[in-house]
Amino acid sequence: MGKVEKLMSDDALAKASQQVTAARNAMPVIRAFFDATTFTVTYVVHDAMTRRAAVIDSVLAYDPASGRTSLDAADPVIAHVEKEGLTVDWHLETHAHADHLSAAPCLQRKLGGKIAIGAHIREVQQTFGKLFNAGAAFAHDGSQFDHLWEDGDSFSIGDLPVTVLHVPGHTPACVAYVVGDAAFVGDTMFMPDYGTARADFPGGNARQLFRSLRRLLELPSETRLFMCHDYLPEGRDHYVWETTVAEQRRANIHAHDGVSEDAFVAMREARDRTLDMPRLILPSVQVNMRAGHLPPPEDNGVVYLKIPVNQL
């Protein structure tokens, strides 16, 4: 099957593209919250008419030296929701993050709403459940989440249509949420001057990542793209996290138009071999594979996070 035929048969992508085109007069209201400690952007997305909202990729502050968590990164999100009089229906995760703990359960207790992630989180749970020796009590079926999305699933935030696209490569469970005319792409890509996500975590795959990138870049050129991170590359003095499909296709340093799949894979795999593991990968993944819940307390009533030695 050739490239054109593949694109024509991609019903989920076609649906998302039609949604973007139709959304020009009903765009989501988006507020970004940047956590400088983890370089993560949390988004509150709402429908101006109904005041229904979703929180995407929230952050629970965590100090690895003391083992303490706090709501320092989440409190501004809560304050915004309350000030604007929003009703939160969803806490959406683009993937099981390796660089920060999710605040979704904390936000859920304060604001309501359901926690959701892509259905391929089961693969992540299988891999990391073994790494952390989570035991028989840890379910590998995604049941810690309130909802699991399949590729092409549709739902709404108030009157705003949402289409879910499965975009694996960084992790097996990565999804993008196309909300009206805006796509929240997680770690699949970064701003054009920073490039693309790594693909060397367990279950990652550079070839899959390239195909996911190109799939996202088949959305209409005017589609607004919102990144999950910005790491302030050399030559830029301020953080940014919004761009467009057209700009990524023109200028993304790793995946602009004209870059072949083989060239991308060679670049990505070579670059990944030079990268250190993220500072918070071990605490983050064992929490995020549980939908942001901490592991159960042990018989002394204390919660422990495990540090597997010489495994990554």
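Would you mind finding the one in GLN126, GLN108 that is free of Cβ contacts under 8 Å to residues at least 24 places away in the same chain, within 15 Å of GLY292 (Cβ to Cβ) and touching a His at 6+ places or on another chain (Cβ under 9 Å)?
The conditions single out GLN108.
Would you confirm whether or not segment 240-254 contains a residue that is in a loop (DSSP other than H, G, I, E, B) and under 29 Å from GLY292 (Cα atoms)?
yes
Taking segment 142-229 as the region of interest, none of the strands (runs of 3 or more DSSP E) fully inside it holds 1 or more residues being among the hydroxyl-bearing types (Ser, Thr, Tyr) and either closer than 22 Å to ILE281 by Cα or modelled with pLDDT under 95 (or both).
On the basis of being out of contact with any strand residue (DSSP E or B) (no Cβ under 6 Å at 6 or more places or on another chain), among the hydrophobic types (A, V, I, L, M, F, W, C) and without any contact (Cβ under 8 Å) to a residue 12 or more places away in the chain, does ALA79 make the cut? The answer is yes for ALA79. Restricting attention to segment 238-274, the residues that are in contact with a His (Cβ under 7 Å, 6 or more places away or on another chain), over 26 Å from ASP57 (Cα atoms) and in contact (Cβ under 8 Å) with a residue 24 or more places away in the chain total 2.
Out of all the residues in segment 40-53, which are assigned to a strand (DSSP E or B) and either within 21 Å of LEU86 (Cα to Cα) or free of Cβ contacts under 8 Å to residues at least 60 places away in the same chain (or both)?
VAL41, THR42, TYR43, VAL44, VAL45, HIS46, ARG52, ALA53
One residue is enough: does segment 275-290 have a residue meeting the conditions touching a strand residue (DSSP E or B) at 6+ places or on another chain (Cβ under 6 Å), crowded, with 16+ Cβ neighbours inside 10 Å and either assigned to a loop (DSSP other than H, G, I, E, B) or without any contact (Cβ under 8 Å) to a residue 24 or more places away in the chain (or both)? Scanning segment 275-290, I find no residue that is touching a strand residue (DSSP E or B) at 6+ places or on another chain (Cβ under 6 Å), crowded, with 16+ Cβ neighbours inside 10 Å and either assigned to a loop (DSSP other than H, G, I, E, B) or without any contact (Cβ under 8 Å) to a residue 24 or more places away in the chain (or both), so the answer is no. Across segment 198-235, the qualifying residues are those that are within 17 Å of the chain's Cα centre (by Cα) and of a type in the set (Asp, Glu), and the one among them that is surrounded by the most Cβ atoms within 10 Å (Cβ to Cβ) is ASP230. Checking each residue in segment 300-312 for being surrounded by fewer than 16 Cβ atoms within 10 Å (Cβ to Cβ) and not basic (Lys, Arg) picks out ASN300, GLY301, VAL302, VAL303, TYR304, ILE307, PRO308, VAL309, ASN310, GLN311, LEU312. Of the residues making up segment 244-274, those that are loosely packed, with under 15 Cβ neighbours inside 10 Å and basic (Lys, Arg) are ARG250, ARG273.
Has segment 68-79 got at least one residue that is under 24 Å from GLY203 (Cα atoms) and either out of contact with any Leu (no Cβ under 6 Å at 6 or more places or on another chain) or buried (at least 24 other Cβ atoms within 10 Å of the Cβ) (or both)?
no
Residues in segment 116-127 that are in contact with a Pro (Cβ under 7 Å, 6 or more places away or on another chain) and crowded, with 22+ Cβ neighbours inside 10 Å were compared, and the one that is nearest to VAL88 (Cα to Cα) is HIS120. For PRO297, work out the one condition from (1) in a loop (DSSP other than H, G, I, E, B); (2) surrounded by fewer than 16 Cβ atoms within 10 Å (Cβ to Cβ); (3) within 24 Å of the chain's Cα centre (by Cα); (4) not aliphatic (A, V, I, L, M) it doesn't fulfil. Of the numbered conditions (1) in a loop (DSSP other than H, G, I, E, B); (2) surrounded by fewer than 16 Cβ atoms within 10 Å (Cβ to Cβ); (3) within 24 Å of the chain's Cα centre (by Cα); (4) not aliphatic (A, V, I, L, M), the odd one out for PRO297 is (3). Criterion applied to THR37, THR21 was being assigned to a loop (DSSP other than H, G, I, E, B), surrounded by fewer than 21 Cβ atoms within 10 Å (Cβ to Cβ) and modelled with pLDDT of 85 or more, and the one residue passing it is THR37.
The values are calculated or read from the model by the stated rules, or taken from the named source; none is laboratory data. Because the structure is a prediction, the values reported are computed rather than measured. Methodologically, a virtual Cβ is constructed for each residue, glycine included, from the backbone with ideal geometry; neighbour enumeration extends over all protein chains shown.
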